[in-house]
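Here the structure is laid out as structure tokens; the discussion comes afterwards.
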Amino acid sequence: MRKIFLYFATITLSALALTGCREELGSTPGSDGYALVTPYAYAPVDATLNPDENAALRLFSNGKAKEFYYYAELLEDKADFIDSNGEQAYKDRVVSQGTKMTVPANGLSETVVSGLAGYYAISVVALNSSGKQGPMTEVVFYGLSWTDVVDGTYTFGFLADQGVRPENVPTTLQVADQDPTIYRFKDIFAPGFGLKVALLDQTGSDADGTFTYTRIPNQSTGLEYGARGPLSVRDVGYWQGNDSFITEGGYHSGIYFDENGDVTYASLLPAWYISEGTLSYQTYDEFVPE
């Protein structure tokens, strides 16, 4: 049963996105005897880029590096190539097949690498002024790829009431190939932007039956809330920094499975927020399979 309550808060919160990688800062000192570029990966700032498959790279070059190349490949494919051909052959591959970048005066380069559905190694090889290769560095991006579980209809509560999304949106529930506890309601916000949820190893029951407790991590929707900026979502537990709100406090979300393990229903309690604060956290959404 869909419950509808609205509550508006004015607490200022910073928007956090669910990412497959994390931001790190720092650089390698410029006194090394070889050309070196140190890469870091983090979620794209651009809200139109799906963080499941897009990595924003920050690359720090030392004083010996004049140009460098980066090359993205599935981790297992990189390992297989090196096992068969050796690391030097892979470094040559990065240079011959990778994307070339010239080192700027301040030594900091930034770019976005797209299409990373899976666990990817982004390898970097720098060259000095005479064209000699330095050591190969890498950063790992933990992207996600998905398998369809069941088609159905996602029904919005708050977003439909506010005219942000239609009330009923056809979607496909999917499971992550890399982690069977992570699910996604595909494209319910916009193409490339679905709602990701994570199952807990804990069940509960209510009037609709027995469910598996489900978390809604911080994530961008790719939507704008009118003129008030980008719209993001999480559950109350993430908002308050207290998991007990989900499992004990009555603010739970759940996915319902039958005795065969098939999904029969989902009841979700999102906390929608923008940069200036939380908009709603007591309006349920639901998913009904076909």
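The values are calculated or read from the model by the stated rules, or taken from the named source; none is laboratory data. Since this is a predicted model, take the numbers as computed values, not measurements. Backbone-built Cβ (ideal geometry, glycine too); neighbour counts: all protein chains shown.
Here are the numbers for the structure shown:
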| read-out | value |
| --- | --- |
| Residue under evaluation Pro217, criteria (1) touching a strand residue (DSSP E or B) at 6+ places or on another chain (Cβ under 9 Å); (2) in a loop (DSSP other than H, G, I, E, B); (3) surrounded by fewer than 16 Cβ atoms within 10 Å (Cβ to Cβ), criterion not met | (3) |
| Single residue of Gly98, Gly134, Gly152 found to be over 27 Å from Asp52 (Cα atoms), surrounded by 17 or more Cβ atoms within 10 Å (Cβ to Cβ) and at pLDDT 95 or above | Gly134 |
| Pairs where the first residue, in segment 275-290, is more than 24 Å from Ala227 (Cα to Cα) and aromatic (Phe, Trp, Tyr) and the second is modelled with pLDDT under 95 and not in a strand (DSSP E or B), C-beta under 6 Å, 6+ apart | Tyr284/Arg2; Tyr284/Lys3 |
| Boolean, Gly261 is assigned by TED's automatic domain parsing to the domain that holds Val164, outside any strand (DSSP E or B) and surrounded by fewer than 17 Cβ atoms within 10 Å (Cβ to Cβ) | yes |
| When residues of segment 155-197 are limited to those that are among the small types (Gly, Ala, Ser) and modelled with pLDDT of 95 or more, the one surrounded by the most Cβ atoms within 10 Å (Cβ to Cβ) | Gly157 |
| Some residue of segment 209-225 being out of contact with any Ser or Thr (no Cβ under 7 Å at 6 or more places or on another chain), under 16 Å from Val164 (Cβ atoms) and without any contact (Cβ under 8 Å) to a residue 12 or more places away in the chain | yes |
